[in-house]
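Down below is the structure, laid out as structure tokens.
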Amino acid sequence: MANGFDPRATAAPQTATTAGRESVAFDAGLRSHMLSVYNYMASAVLLTGIVAYGAAATGIAQQIFFESGILRYVVLFAPLIMVFALAARLGRMSIGGLQAFYWSFAAVMGLSMSLIPLLYSGTSIAATFFATSAAFVSLSLWGYTTKKDLSGFGTFLLMGLVGLIIAMVVNLFLRSDAMSLAISAIGVLLFAGLTAYDTQKIKSIYFQVAGSDMLGKAAILGALNLYLDFINMFQFLLSFMGSRD
């Protein structure tokens, strides 16, 4: 699976400074911006699902993960490579280039997740997806409406994310079931927190770039963060709710 592929692990957190602004919820421009973010995010999740199931149904996933050698590692680590490429080129990318990257990333992530339908039953995948969706909507709505400033949690959450990735790499060699369970539990909690934090951060960034040509990029980058929150929370939760075929 592709747990932990998150650009925030390579970038400094941005402060969410708009908590407590009573007028935020009534800002028509903000509502339009958030709608754009959620549309991008939902479309990317849909594309990832289509690619994952398409690859599994056509036998491509079987060939990649069970019949090839180095190719499976290329597919698994391709999203992480793309994240570092984005971090290196973000300042020079046009909005069109960023859109192309975003959709390509969602498709590549889908290919890396095409192993899931081969390991888990369709019923458990669907149940986990709906549970993740309900949790995501609730957490994102809370992050959007709360007057509590969540910026103080940003550094803590990002440090936890880095530690989680390190633990996952270590467990690739240890292959400990107990450690896998702990990683999954921590992962669910971390990305639940990041969902609320990122939603509030998107509001903060909107007020910084509203009216500028950076607003389009901000919508895509905000959607990418929420997309990664959803995808990672889904995969970690699947470790608990998923039943093997």
**OP:** Could you tell me which label, among [x] 42; [y] 22; [z] 17, carries the value of percent of Cα pairs over 33 Å apart calculated for this structure?
**Re:** [z]
Subject >> Helical contribution to [θ] at 222 nm, DSSP H n ≥ 4, -39,500 (n - 2.57), averaged over the chain, rounded to 500 >> reply: -25500 deg cm²/dmol
**OP:** Provide 147, 201, 217 in ascending order of the number of other Cβ atoms located within 10 Å of each residue's Cβ, fewest first.
**Re:** 147, 217, 201
Original post:
When the chain is fully extended, how far beyond the present Cα-Cα distance does residue 39 get from residue 74, taking 0.36 nm per residue of separation?
Top reply: 9.7 nm
Subject >> Cα centroid separation, region 82-131 to region 190-245 (Å) >> reply: 12 Å
Original post:
Can you give the angle from 0 to 90° between the axis of helix 95-112 and the longest principal axis of the chain, with both taken from C-alpha atoms, to the nearest 10?
Top reply: 30 degrees
Original post:
GNM on the chain, C-alpha springs below 10 Å: top fluctuator among 191, 153, 66?
Top reply: 66
Original post:
In debye to the nearest 20, how big a dipole does the chain give about its Cα centre with +1 on each Lys and Arg Cβ and -1 on each Asp and Glu Cβ?
Top reply: 300 debye
Original post:
Given H placed on each backbone N at 1.01 Å, which residues far from residue 120 in sequence or on other chains put an amide H within less than 5 Å of it?
Top reply: 245
Original post:
Let a ≥ b ≥ c be the square roots of the eigenvalues of the Cα gyration tensor of region 119-194; is it rounded (a/c under 1.5), or, if not, prolate (a/b larger than b/c) or oblate?
Top reply: oblate
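Since every read-out is calculated from the coordinates, none of them should be taken as a lab result. From a predicted model like this one, the values you see are computed outputs, not experimental measurements. We place every Cβ from the backbone using ideal geometry, glycine too, and count neighbours over all the protein chains shown.
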